[in-house]
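Remarks on the structure that follows.
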Amino acid sequence: MRSLFFLASLGLVAAENGLDGWLRYASLPCSHECQSKLPASIVVLNATKTSPIYVAGSEIQDGLKSIYGSHAQISKSQCKTSSSVVVGTVEQYRKACGSLSEIPELAEDGFWLSIDGRKIRILGSTERGALYGAFEYLSMLAQGNFSTVSYATSPSAPIRWVNQWDNMDGRIERGYGGPSIFFNNGAIVDDLTRVKQYARLLASIRINAVVVNNVNANATLLTPDNLKGLGRIADVFRPYGIQVGISLNFASPEDLGGLDTFDPLDPSVISWWSNITEQVYQHVPDMAGYLVKADSEGQPGPQTYNRTLSEGANLFAKAVQPYGGIVMFRAFVYNKLNESNWTADRANAAVDFFKDLDGEFDENVVVQIKYGPIDFQVREPASPLFANLFNTSTAIELQVTQEYLGQQSHLVYLPPLWKTILDFDLRVDGKSSLVRDVYTGKRFNRKLGGSAAVVNVGTNTTWLGSHLAMSNLYAYGRLAWNPADDATTMLQDWIRLTFGLDQTVLSTITKMSMESWPAYEGYSGNLGIQTLTDILYTHYGPNPASQDNNGWGQWTRADHNGIGMDRTVSNGTGFSGQYPDELATIYENIDSTPDDLLLWFHHVNYTYQLHSGKTVIQHFYDAHYTGAATAQTFRTQWASLEGKIDDGRYNHVLRRLDYQSGHSIIWRDAINNFYHNLSGIPDTAKRVNHHPWRIEAESMKLDGYKPYTVSPFETASGPVAIVTASNTTVGTATTKINFASGTYDLAVNYYDIFGGQSQWQVYLNDKQVGEWVGNSEDVYSHTPSIYLDGHSAIRIKFRGVKVKKGDTLKIVGRPDGVEPAPLDYVSFLPEGVVD
Ligand code: GCU
């Protein structure tokens, strides 16, 4: 503590690595008011060290000490009520301290928080509810909020889960924050310290279960040794009120059990699952349940035996039912399609597979539905399956890990996107039917229901790969509790907890974050055409052509004349007919379809005029320029916070925003070039394919470098790059500068591929003005690429370079490994010019 005060008095901020996320309990000054409101003791109404109540007491003790330097003793069970925090369940309180009339009815896991000066009572309907209340109190303390309050809050729904897509070998599918905190080399890791830290973060946002392994599940999690390990994981989560769940592989009876079938109706299969479930519960008596992906993307399922999906789900439901477990059965079920028939629409799959099974699922089955009909795209309509299941419990599946949305190397604050779905009114039977009222069980009167998010934290101290991405995890928990919560309010609590109370910090990060999803949509896929990432490879950089001409069904049907999927009933795939009448009518009709979903529902010419008055193609061009221009400001906005944020996190974020500013331009140009080339329609503002400040590498004088045709073509300017003649030849590219003398930002676009660390130097008249190393695969979180493409394309900028007309620019590239020091172009950007 002393060293912290010492640093603070020098005006320095100690470097932080992000490990504590929003629970850092940073030191704050304690005013007179604060002094008068700090409790002297903490009474825990359950003194068992592994109980959530005890954990709550310790957290409060740590928080008070860390934030305000104040020491509060933890005492056990004596019911002091003045100058103390009392934390326990309502039941424990009544026993220890007598009746309390003022507490309103609480749902399971709800809590009542009463703060009156130094008298603080935190009472949960369950122990974990009390722990949530303790974190709420701490959140107030950490934000310098000493208000007198007395209120109760209850969760919107009982299921508030996170899913980790961790593999047994320690890799994480679509994970961008390093390897698994749970698994390594086929087994559970010995040291579960990170699991405990994760538990703490999750409990503070009121998550009550975590599925620890990938939905593409490996049956070896069920071996005796691994079940023991699972028991250890559950023991770490339990004091935080978090239950463990696991993903199952449908074929386990055959793969692991040695049976010759995995038919869900076969008695030997049924008894195999019932035995294994008994063993699971021996090690994890409070196991939350099973998560099942079946008959999708190559995963085995009941359809192998002509059994229905509900027969498959009920097999597990019956196995876990005696233990109070539930089955989260994923609605993400689809088959690869024959691309020669465009009306065979993948978007139809969920309703096609599940609608007729409504009412066929056991009571402890919850159908887990991705927010949109395809797959976590930058914009999708709400999944119509929410409007087709009335006698089946549902949960919404969101994605915190930014698989299609910048993989944590781009800032994208997701709640504004999620809210387009959560708050969407499906108008079932002409009545208000908000998606959030459907999955929380209110609309169709279901007891079960809630939310699951694919999170995929890893061992990186930032958890997700970037400090700013943690706002998405924080807000996810808040929305799972209360889906009506406001995107800005949640964000601002997170900012204060994560970066402190400075007003400029607050307003700057708020602005950047709130602009980030619209910007990303601007420079990626517009008007409901999907994100346009490379869906056949890393799901990261641009590759619009990858959507079409394959069986994955993420089609755009783009050709020389037009673009968009016709999903009408009258003329297309019939998807719009999966919505209740009021909506079906809106989407069926091109005039009433909102612009931002136009291409999801209709196939139109590029010259089709939007409600906005622009043509589709001009909208693409403009949105890409505006989106990338906004992304340039994130770096500048963040840079204005220098000195207000510790160097560790400041520099980490700055580097990512710098990268994003460059990659947003790569996105912008790739998408614009692609559709410009396809449609042949010029940009009315004459920006596309017109870059007056660029010098193409292939047009420079090359020595040891040779031209290279990049694929996809639109991810290179020109559209050609240069690479060294061999992997040992040093390449030089030279040119005379014809721009007017002045000060420029020098941007160099190059490719940084996996499997080598090339080095580059830039000289002006033999004076070095910059150098860098191709090590981005070790720096950024996104999946690297082994090709020159839209994933490996990257820009570096050297600011404030003084140039005289006629100077000689020389770039020297030294290849390394398989990386041939590739270069695309350089730009000399006068102040204010984005390029
Ligand atoms: C996406 C993702 C896969 C994942 C799948 C799922 O398709 O790319 O990695 O397995 O979703 O949700 O099951």
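The values are calculated or read from the model by the stated rules, or taken from the named source; none is laboratory data. Keep in mind it's a predicted model, so treat the numbers as computed, not measured. Every residue, glycine as well, gets a Cβ built from its backbone with ideal geometry; the counts of neighbours run over all protein chains shown. The protein model used for the area step is the full one, side chains on, heavy atoms only, and it has no ligands, DNA or RNA in it. Shrake-Rupley method; radii C 1.70, N 1.55, O 1.52, S 1.80 Å.
Kindly identify segment 173-331 as rounded, prolate or oblate by the Cα gyration tensor criterion: order the square roots of the eigenvalues as a ≥ b ≥ c, call it rounded if a/c is under 1.5, otherwise compare a/b with b/c, prolate if a/b is larger, else oblate.
Details: a/c = 1.76, a/b = 1.66, b/c = 1.06.
It is prolate, given that a/c is not under 1.5 and a/b is the larger ratio.
Can you give the % of DSSP beta bridges in the chain that are antiparallel, to the nearest 5?
Details: 65 of 112 bridges.
Restricted to the chain, the bridges split so that about 60 percent are antiparallel.
For segment 614-745, with every protein chain kept in place, what is the accessible area per residue (1.4 Å probe, Å²)? All intermediate terms of the calculation are to be shown ahead of the outcome.
Working: 5290 Å² over 132 residues.
Value returned for segment 614-745: 40 Å² of accessible area per residue.
Lysines near Lys293 by alpha-carbon distance under 18 Å, same-chain residues fewer than 8 away left out - which ones?
Lys318, Lys336, Lys355, Lys370
Just to confirm a number: summing +1 for Lys and Arg and -1 for Asp and Glu over residues other than Gly231 whose beta-carbon lies under 12 angstrom from that of Gly231, what do you get? Kindly include the intermediate steps, with their values, before the conclusion.
On the way: positive: Lys228, Arg232, Arg238; negative: Asp225, Asp235, Asp286.
Neighbour charge sum, excluding Gly231 itself: 0.
Is segment 495-540 best put as rounded, prolate or oblate by its Cα gyration tensor, with a ≥ b ≥ c the root eigenvalues, rounded for a/c under 1.5, and otherwise prolate when a/b is larger than b/c, oblate when not?
Working: a/c = 5.37, a/b = 2.46, b/c = 2.18.
Cα axes put segment 495-540 in the prolate bin.
Pull up all non-local amide H partners of Val365: gap of 5 or more, or a different chain, and H-to-H distance under 5 Å with H placed in the peptide plane.
Val327
How large, in percent, is the carbon and sulfur part of the accessible surface of the chain at a probe radius of 1.4 Å? Can you show the working numbers first?
Numbers: 14620 of 29710 Å².
Carbon with sulfur: 49 percent of the solvent-accessible area.
Restricting to Cα pairs below 8 Å that are 6+ residues apart, what does the relative contact order work out to for the chain? Please round to a whole percent.
On the way: 1892 pairs, mean separation 82.1, N = 835.
Taking the mean separation of contacting Cα pairs over the length of the chain, I get 10 percent.
Between beta-carbons, use under 13 Å as the cut-off and find the net charge around Arg94, counting Lys and Arg +1, Asp and Glu -1. Walk me through the numbers on the way to the answer.
Numbers: positive: Lys95, Arg121; negative: Glu91, Glu102.
Neighbourhood net charge equals 0.
With an 8 Å cut-off on Cα pairs and a minimum separation of 6 or more residues, tell me the relative contact order of segment 159-494 in percent.
19
Could you derive backbone 3J(HN,Hα) for segment 302-309 from the dihedral phi with the Karplus parameters 6.51, -1.76 and 1.60 (θ = phi - 60°), listing whole Hz in sequence and x where the residue is Gly or Pro?
After applying 6.51 cos²θ - 1.76 cosθ + 1.60, I find x, 5, 3, 10, 6, 9, 7, 4 Hz.
Give the long-range amide H neighbours of His791: residues separated by 5 or more places, or on another chain, with amide H under 5 Å away, using H modelled in the peptide plane at 1.01 Å from N.
Amide H neighbours of His791: Gly541.
If one computes the Cα centroid of segment 26-96 and of segment 210-276, what distance in Å separates the two points?
Taking the Cα centre of segment 210-276 as reference, the centre of segment 26-96 is 39 Å away.
Which residues in segment 735-771 place their backbone N less than 15 Å from a point set 7 Å from the Cα of Thr808 along the Cα-to-Cβ direction?
Those under the cut-off are 735-738, 762-769.
Short version: ³J(HN,Hα) in whole Hz for each residue of segment 372-384, in order, from phi by Karplus 6.51 cos²θ - 1.76 cosθ + 1.60 (θ = phi - 60°), x for Gly and Pro, what are they?
x, x, 9, 5, 6, 7, 5, 8, 9, x, 4, 4, x
Please enumerate, by chain and number, the lysines with C-alpha under 30 Å from the C-alpha of Lys804, excluding those fewer than 8 residues away in the same chain.
Cross-link targets: Lys686, Lys701, Lys706, Lys736, Lys767.
Which value, in Å², gives the accessible area per residue of segment 37-193 when a 1.4 Å probe is used on the protein heavy atoms?
On the way: 5970 Å² over 157 residues.
Using a 1.4 Å probe on heavy atoms only, each residue of segment 37-193 averages 38 Å².
I want to check the label-to-label distance for Asn306 and Leu501. Put each point 7 Å from Cα in the C-beta direction and report it in nm to one decimal.
Output for this residue pair reads 7.0 nm.
Given R₀ = 25 Å, FRET efficiency for Ala15-Thr510 by Cβ-Cβ distance, to 0.05? Write out the running numbers ahead of the final one.
Details: r = 24 Å, r/R0 = 0.95.
Once the sixth-power term is evaluated, E becomes 0.55.
Could you tell me the relative contact order of segment 694-829? Use alpha-carbon pairs under 8 Å, at least six residues apart, and round to a whole percent. Kindly include the intermediate steps, with their values, before the conclusion.
Details: 359 pairs, mean separation 53.7, N = 136.
Relative contact order of segment 694-829: 39 percent.
Would you work out the charge dipole size for segment 21-153 about its Cα centre, treating the Cβ of every Lys and Arg as +1 and the Cβ of every Asp and Glu as -1, and quote it to the nearest 20 debye?
Details: 12 positive and 11 negative charges, 98 e Å.
Rounded to the nearest 20 debye, it is 460 debye.
Treat every Asp and Glu Cβ in the chain as -1 and every Lys and Arg Cβ as +1, leave all other atoms uncharged, and give the resulting dipole magnitude about the Cα centre to the nearest 20 debye. Walk me through the numbers on the way to the answer.
Numbers: 67 positive and 86 negative charges, 547 e Å.
Dipole of the chain, to the nearest 20 debye: 2620 debye.
Ranking request for peptides 639-645, 313-319: highest mean number of other beta-carbon atoms within 10 Å first, then the rest in descending order. It would help to have the intermediate numbers written out before the result.
Numbers: 639-645: 14.6, 313-319: 24.0.
My ranking of the peptides, most packed first, is 313-319, 639-645.
What number comes out for the charge environment of Leu417, summing +1 per Lys or Arg and -1 per Asp or Glu over other residues with Cβ under 12 Å away? Numbers along the way, then the final one.
On the way: positive: Arg379, Lys419; negative: Glu380, Asp423, Glu521, Asp596.
Charge balance near Leu417 sits at -2.
So how many Lys-Lys pairs in segment 21-153 land under 18 Å Cα to Cα, not counting same-chain pairs under 8 apart?
Here the count comes out as 9.
Please state the shape class of the chain: rounded when a/c is under 1.5, otherwise prolate if a/b exceeds b/c and oblate if not, all from the C-alpha gyration tensor. Intermediate values should be presented prior to the final figure.
Details: a/c = 1.78, a/b = 1.28, b/c = 1.39.
Oblate.
If you average the alpha carbon positions of segment 792-835 and of segment 400-454, how far apart do those two centres end up, in angstrom?
Computed from Cα coordinates, the inter-centre distance equals 43 Å.
Among Ala452, Val55, Ala558, whose Cα sits farthest toward the positive end of the charge dipole of the chain (+1 at Cβ of Lys/Arg, -1 at Cβ of Asp/Glu, about the Cα centre)?
Of the listed residues, the answer is Val55.
Roughly how big is segment 564-701's charge dipole about its Cα centre, with Cβ charges of +1 (Lys, Arg) and -1 (Asp, Glu), in debye to the nearest 20?
On the way: 12 positive and 16 negative charges, 139 e Å.
Value, rounded to 20: 660 debye.
Could you list the residues of segment 102-120 with an amide nitrogen less than 19 Å from a label point located 7 Å from the Cα of Arg94 in the Cα-to-C-beta direction?
102-114
Which of Val428, Thr394, His410 sits closest to the plus end of the dipole of the chain, meaning its Cα is farthest towards the positive end, when Lys and Arg get +1 and Asp and Glu get -1 on the C-beta?
Ranked along the dipole, the leading option is His410.
For the peptides 165-173, 392-400, what is the packing order when you average, over each peptide's residues, the other Cβ atoms within 10 Å and list the highest mean first? Don't skip to the end; give the middle numbers.
Working: 165-173: 19.9, 392-400: 26.1.
Those peptides, ordered most packed to least, come out 392-400, 165-173.
Return one whole number: the accessible area per residue of segment 320-383 in Å², for a 1.4 Å probe.
Values: 2170 Å² over 64 residues.
Result: 34 Å² per residue.
At 7 Å along Cα-to-Cβ for each site, give me the label-to-label distance between Lys431 and Asn589 in nm.
With each label point 7 Å from Cα toward Cβ, the separation is 2.5 nm.
First measure r as the distance between the Cβ atoms of His611 and Lys355, then evaluate 1/(1 + (r/R0)^6) with R0 = 45 Å and state the FRET efficiency to the nearest 0.05.
Details: r = 32 Å, r/R0 = 0.71.
Here the calculated transfer efficiency is 0.90.
Could you work out how much longer the chain between Lys65 and Asn391 gets when fully extended? Use 0.36 nm per residue separation minus the Cα distance between them, nm to one decimal.
Numbers: separation 326, 0.36 × 326 = 117.36 nm, distance 5.03 nm.
This chain segment gains 112.3 nm when fully extended.
Put +1 on the Cβ of each Lys and Arg and -1 on the Cβ of each Asp and Glu in the chain; which of Ala484, Ile67, Pro518 then has its Cα farthest toward the positive end of the dipole?
The residue sitting most towards the positive pole is Ile67.
Going by amide H atoms built from the backbone, whose H comes under 5 Å of the H on Gly770, apart from near neighbours?
For Gly770, the qualifying residues are Val762.
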